[in-house]
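Right, one structure below, let's go through it.
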Amino acid sequence: MKLTRRLFGAALGLVAAAAIALPTSAQQTRQAVSSDSVIETIKERGVIKIGLSIFKPWSMRDLEGELIGFELDVGRKLAEDMGVEVEFIPTSWDGIIPALVSGKFDVIISGMSITAQRNLTVNFSDPYAYSGMTVLANTAMTNGFTLEDYNKPEVTFAARRGATPATVIAAMFPEANLLLFDEDGAATQEVLNGNAHATMASEPTPSTEARRYSDTLSVPFSQTFLATGESFAYRKGDPDASNFFNNWIGVNWASGWLEERNDYWFRGQEWADKVAAE
Amino acid sequence: MRKTLKKLHWLDFVLIVLIGVFIAVVWVRIDGALNYKWRWDRIPNYILRWSEKDGAWVSNLLLQGFITTIRISIYSGILALILGVILGISRVSNNLTVRMLARTYLEFLRNIPPIVVIFIFYFFLSEQLIAALNIESWARGISRQEDNGIWTFFFGDMRRFPALISGVIVLALFESAFVGEIVRAGLQSVDKGQHEAALSIGMGPLNKLWFIILPQAVQKVLPPLANQFITLIKDSAIISLISVQELTFKTVELVASTRMIFEAWITTAAFYFLLCFSLSLLFRRLERSKKY
């Protein structure tokens, strides 16, 4: 009897304590969320750390060994608007999401397309680019092919694993075979060697390759196939970062800056001399 | 030269011709199957380039990576040697707990693929270590200073210092298991009489180890240790996966940027070969000069 009474008293005390503690803990949570936000960390540090993987023409090494490309322009503008320094951390594509999750950098800006699977591990911002993808084919092997002819089990595609082209190929040509490589150059080389019928990539790379190997490669379709869009990726549980990145992207779409930079890197050829492309 | 020629039997010549034909056939087949435009003339620029701004020759991607590989190899080699000696001594310790701990560490590292060890360490442990010691902001502070020449000489770009340190530690941890086994073999090869002699002139266990056992053991294991160091250099290519900016990583970047797949990888292979082969020649010479 005595024991039950004591237990009851303890339970009552616990409820009372919880009733007092809960509102404050909600407030604390709110504070904790905003102070834990990566945006706060970046401001405090004075540096934004951006993870990226070399992927032409999103980001590449020029003749002097420096990083150039669409991502670099985006990253520099983002840092400038935040009033902080920028630090690009070249990372191997395989480990880029684990590296983000374990805190090696603040955000991935590396032409990463949104997929449901990735989204389970990281958060994505609104798209900051819609890369126009086109087919780069081995001319002899795909002679007389229509777009439907590519969607057959005997057709083989090659692409970089986990990159937008691979997603688009899987969606557009579900019947076709898909060979995955760690790196874009290897995928193109497979098409050149006749081990794969075709690959897909963002313009202007396919046109450049088709010009360089004009007797083997060609770009059979003049239209581009729109992807789902590429986004910034950042750690989960960070509403402040979502708000900031989405608004930054929205503002820069509205001002036309993103489109202008996109056209420069994906439509034009002016930068080709800076990279040993030809 | 003539003497060497005379030593050769006619069968040797047949063998040489056969090998030559084999290589030629393989080459022709590759050349036929491979649709590839070689651009060797682009490669030298990625080793050394003329900088208009500084008016001097400066290192470009491949040479930068090569230098980083050398740095990493030296630091992790030293660290692996220290850890390995401790491990080797623990393996022959009289204390059972110490022996078992050393054995566990060794079997753990020796029976897991290096890539798994590297990922576990890099993604789970190194971040906490770097955050706890505040290495990152310290390194960034140095990279912002004007006169950071000496730091840059030893560690390269200080902003990449945390990654470099993670790479060095993980490589050293992994190699220390093998160094430990080599050291243990050396320690056990010292004659029992040496132990007894040391004890009989009144040396304590530490003095015995330091003055009598270790010098003899180390001398015996120098050749396998040198060999292990060369293995370490080759293993260092794995840490490109955790984005340490060494030779392999830089080559991947170069290939992704320029599509010069074969030129870049062949050049990189030549760099590794040059380093490892000259080291092995050097060690062989040192070994010989000691014996005679």
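Nothing in this text is a laboratory measurement; each read-out follows from the coordinates by a stated rule. Quick caveat, the model's predicted, so the values are computed rather than measured. Heads up, the Cβs are rebuilt from the backbone with ideal geometry, glycines too, and the neighbour counts pull from every protein chain shown.
What to note about this one:
- Fraction of antiparallel bridges per DSSP, the protein assembly as shown only, in percent to nearest 5: 60
- Structure remark: mean-square fluctuation, Gaussian network model of chain B, C-alpha springs under 10 Å; the largest value among B:Ala33, B:Ala132, B:Ala163 belongs to B:Ala33.
- For the protein assembly as shown, the fraction of C-alpha pairs farther apart than 41 angstrom is 40 percent.
- Note: relative contact order over region B:90-159, using C-alpha pairs below 8 Å and six or more positions apart, is 17 percent.
- Charge-dipole axis of chain A as Lys and Arg at +1 and Asp and Glu at -1 on Cβ define it, positive-most pick from A:Val275, A:Asn247, A:Ser92: A:Asn247
- Charge tally for B:Leu106 (other residues, Cβ to Cβ under 15 Å; Lys, Arg +1; Asp, Glu -1): +2.
- Principal axes of region A:216-265: Cα extent on each, largest first, Å: 49, 26, 14
- Most mobile of B:Gln228, B:Gln188, B:Gln145 in a GNM of chain B (Cα contacts under 10 Å): B:Gln145
- Charge dipole of region B:197-275 about the Cα centre (unit charges at C-beta), most positive-ward option of B:Gln216, B:Ser200, B:Phe249: B:Ser200
- Set A:Lys274/B:Lys250; A:Lys274/B:Lys53; A:Lys77/B:Lys53; A:Lys104/B:Lys250 screened for pairs whose C-alpha atoms are more than 21 Å apart: A:Lys77/B:Lys53
- Per-residue ellipticity at 222 nm, computed for the protein assembly as shown from helices alone with -39500 (n - 2.57) per DSSP H run of at least four residues, works out to -18500 deg cm²/dmol.
- Cβ-derived FRET efficiency at R0 56 Å, A:Glu44 paired with B:Val17, nearest 0.05: 0.20
- Ranked by how many other Cβ atoms sit within 10 Å of their own Cβ, fewest first, the residues A:Ser37, A:Ser59, B:Ser278 fall in the order B:Ser278, A:Ser37, A:Ser59.
- Student exercise, region B:62-291 dipole from Lys, Arg, Asp, Glu Cβ charges, in Debye to nearest 20: 640
- For region A:132-226, the pair-distance distribution built from all alpha carbon pairs, in bins 5 Å wide starting at 0, is 3, 16, 30, 29, 19, 4, 0 percent.
- Comparing chain A with the 2.2 N^0.38 Å rule of thumb, its C-alpha radius of gyration ratio is 1.31 (two decimals).
- Principal semi-axes of the equivalent ellipsoid, √(5λ) from the alpha carbon gyration tensor of region B:60-107, are 35, 9, 5 Å from largest down.
- Rg/Rg_ref, region A:160-278, where Rg_ref = 2.2 N^0.38 Å and atoms are Cα: 1.26
- Label-point separation in nm, B:Thr97 to A:Asn151, each point 7 Å along Cα→Cβ: 6.9
- For the protein assembly as shown, the Cβ-based charge dipole about the Cα centre amounts to some 3020 debye (Lys, Arg positive; Asp, Glu negative; other atoms uncharged).
- Among the trypsin sites (Lys or Arg not before Pro) within region B:53-162, those in coil by DSSP and having at most 10 neighbouring Cβ atoms inside 10 Å are B:Lys53.
- Distance between region A:144-159 and region B:104-167 - C-alpha centres, whole angstrom: 46
- Most mobile listed residue (A:Val135, A:Val251, A:Val38) in chain A, GNM with C-alpha springs under 10 Å: A:Val251
- Inter-centroid distance (Cα atoms) of region A:62-123 relative to region A:208-278, Å: 14
- Among the GluC sites (Glu not before Pro) in region B:123-221, those located in a DSSP loop and surrounded by at most 13 other Cβ atoms within 10 Å of their own Cβ are B:Glu146.
- Pairwise Cα inverse-distance average, inverted: Kirkwood Rh of region B:86-183 (Å): 15.4
- In this simple spin-label model, placing a label point 7 Å from the Cα along the Cα-to-Cβ direction at both B:Leu129 and B:His195 gives a separation of 3.3 nm.
- Taking one quarter of the surface of the C-alpha convex hull of region B:62-291 gives a mean projected area of 15.9 nm².
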